[in-house]
Amino acid sequence: MPSYADVGVNLDNSNHAKRLIAAAVTSTHGPAVLAGMGAFGGAFDLGGAARQVTHPVLVASTDGVGTKTLIARATGRFDTVGQDLVNHCVNDILVQGARPLFFLDYIASARLDPLEVAAIVGGVAEACRAAGCALLGGETAEMPDVYHADAFDLAGTMIGVVDRDRLIDGRMIAPGDIVLGLRSSGLHTNGYSLARRICDPLGYDRRPPELGGDSLGEALLAVHCSYLPHLETLWNAGVIVKGMAHITGGGLLENLPRTLPPGSGATIRRGSWPVPPILQLLVAQAELDDAEAYRVFNMGIGMVLIVDAESVEQARALLPDSDTIGEIVAGEGVHLV
């Protein structure tokens, strides 16, 4: 009869991977972590976090990094996608005003490579430390016949907390408010299926002159920005942010309306912010029209903030990498001008 290893599942690889990632995982733990790696379920003491707010509300988000994993595989670099995953989820809960508490990750492949897993989880841990949250636990799964050889999947869940009185839901937004854009580092974690179709034939080692010395692979693996420091800066200065939108799949056209109240739309002025060279290259190579480009890619804006007109000057002074990109208007939807 065949053994487990004979059918493609190597428990020794899994155990080796867990030993390699142990230090990275525990480096994110503080006194609130009561049970972490090795436990059947992570345990996190909410007492400290709850004492900081009057009426604590938990905010949760689950996401992945999509086919950016295939760029990591093609280039042999695995540390950045772990950071991408955490930062994406941090931004998702940040939209509602929540700060991160703890994170859970999931890595699956046809065959686990302990060194690759260690690099991925090392990136996850690095981003968790930067966000001040615990990597509470996770799962590494070896599933032959489900995944193609050499492919892997990466996903995670973030839990954060916000005081109910400070929950951001967009209800305060009104025509005349200003739309600020926080710049992206590139594609972040969306649009990679199209980007791969464009770049696979070119080769990820190619260094197009418009990328300023970076290779295609390096530009495509630029880490998804975390906007937690930006919001902390504004909040600490007393700037009121009425609404936010994390610009992921669907781009500005589909994500910005998610934070707008009924009867409110937005006018966005193209050319009011710099578009990263990698995005300019991809749009040109694929000959995308604006409607497609602004739905597939973030086009250089990773997060949108909505503030009243009186707060714009202060917010821009506090955030040098922000741009005034539009305004809220009566109506529906997002209009590019």
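The values are calculated or read from the model by the stated rules, or taken from the named source; none is laboratory data. None of these values were measured; they are calculated from a predicted model. Because the Cβ atoms are built from the backbone with ideal geometry, glycine has one as well, and the counts that use them run over all protein chains shown.
On the given criteria, is Ala293 out of contact with any Lys or Arg (no Cβ under 7 Å at 6 or more places or on another chain) and farther than 26 Å from Asp169 by Cβ? Here the answer is yes, as Ala293 does meet what is asked.
Counted as qualifying within the stretch 147-257 are the strands (runs of 3 or more DSSP E) with 2 or more residues that are within 15 Å of the chain's Cα centre (by Cα) and aliphatic (A, V, I, L, M), namely 152-163, 243-246.
Among the criteria (1) surrounded by 20 or more Cβ atoms within 10 Å (Cβ to Cβ); (2) out of contact with any helix residue (DSSP H, G or I) (no Cβ under 7 Å at 6 or more places or on another chain), the one Asp169 does not fulfil is (1). Within the stretch 97-133, the set of residues being within 14 Å of Gln83 (Cα to Cα) and part of a strand (DSSP E or B) comprises Phe103, Leu104, Asp105, Tyr106, Ile107.
If only one of Ala32, Ala50 is in contact with a strand residue (DSSP E or B) (Cβ under 6 Å, 6 or more places away or on another chain), modelled with pLDDT under 75 and surrounded by 11 or more Cβ atoms within 10 Å (Cβ to Cβ), which one is it?
On the way: Ala32 fails: modelled with pLDDT under 75.
None of the other options fit; the residue is Ala50.
Examine the stretch 131-154 for a residue that is closer than 30 Å to Glu292 by Cα, among the aliphatic types (A, V, I, L, M) and at pLDDT 95 or above, and state whether such a residue exists. Checked the stretch 131-154: at least one residue is closer than 30 Å to Glu292 by Cα, among the aliphatic types (A, V, I, L, M) and at pLDDT 95 or above. Is at least one residue of the stretch 81-95 surrounded by 22 or more Cβ atoms within 10 Å (Cβ to Cβ) and either outside any helix (DSSP H, G or I) or on the phi > 0 side of the Ramachandran plot (or both)? Scanning the stretch 81-95 turns up at least one residue that is surrounded by 22 or more Cβ atoms within 10 Å (Cβ to Cβ) and either outside any helix (DSSP H, G or I) or on the phi > 0 side of the Ramachandran plot (or both).
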